[in-house]
Amino acid sequence: MIFNLTDYVRSLDSTRPVTAAINQGLSSDLASKSLDVIMLNRYYAWYSDTGHLNVITIQTETEFNN
């Protein structure tokens with residue numbers, strides 16, 4: 001259904017990018033492939049790997065590459 005929704009939104013105004021707030025992991029996300037902009041709001045080294053700042057870059061790059 002999200003694909004039909006993004007098509008509908010684009011038909012209303014094709015000059016604006018379609019975005020959404022997604023709280024799903026890579027394996028369960030179905031919406032991001034139909035969006036124009038993908039943003040991450042993650043807290044690497046905060047809730048897990050607390051204090052290990054060296055993992056932030058690694059985890060960010062891994063998620064984007066996946």
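The values are calculated or read from the model by the stated rules, or taken from the named source; none is laboratory data. Treat the numbers as computed from the prediction; the structure is a model and nothing was measured. Cβ: placed from backbone, ideal geometry, glycine included. Neighbour counts: every protein chain shown.
State all residues of segment 22-66 that are under 30 Å from D7 (Cβ atoms) and among the aromatic types (F, W, Y); if no residue qualifies, say none.
The one that is under 30 Å from D7 (Cβ atoms) and among the aromatic types (F, W, Y): F64.
Being surrounded by 13 or more Cβ atoms within 10 Å (Cβ to Cβ) and in a loop (DSSP other than H, G, I, E, B) is the filter; apply it to segment 30-41 and report the residue that is modelled with the highest pLDDT.
L35
Any idea how many residues of segment 4-17 are modelled with pLDDT of 80 or more and not in a loop (DSSP other than H, G, I, E, B)?
8
Determine whether L26 is within 22 Å of N65 (Cα to Cα), at pLDDT 80 or above and not β-branched (V, I, T).
Spelling it out, it is not the case that L26 is within 22 Å of N65 (Cα to Cα), at pLDDT 80 or above and not β-branched (V, I, T).
In segment 43-66, what count of residues is obtained for those that are within 19 Å of the chain's Cα centre (by Cα), farther than 29 Å from S14 by Cα and assigned to a loop (DSSP other than H, G, I, E, B)?
Adding up the residues that qualify gives 4.
All but one of (1) in a helix (DSSP H, G or I); (2) surrounded by 13 or more Cβ atoms within 10 Å (Cβ to Cβ) hold for A20; which doesn't?
(1)
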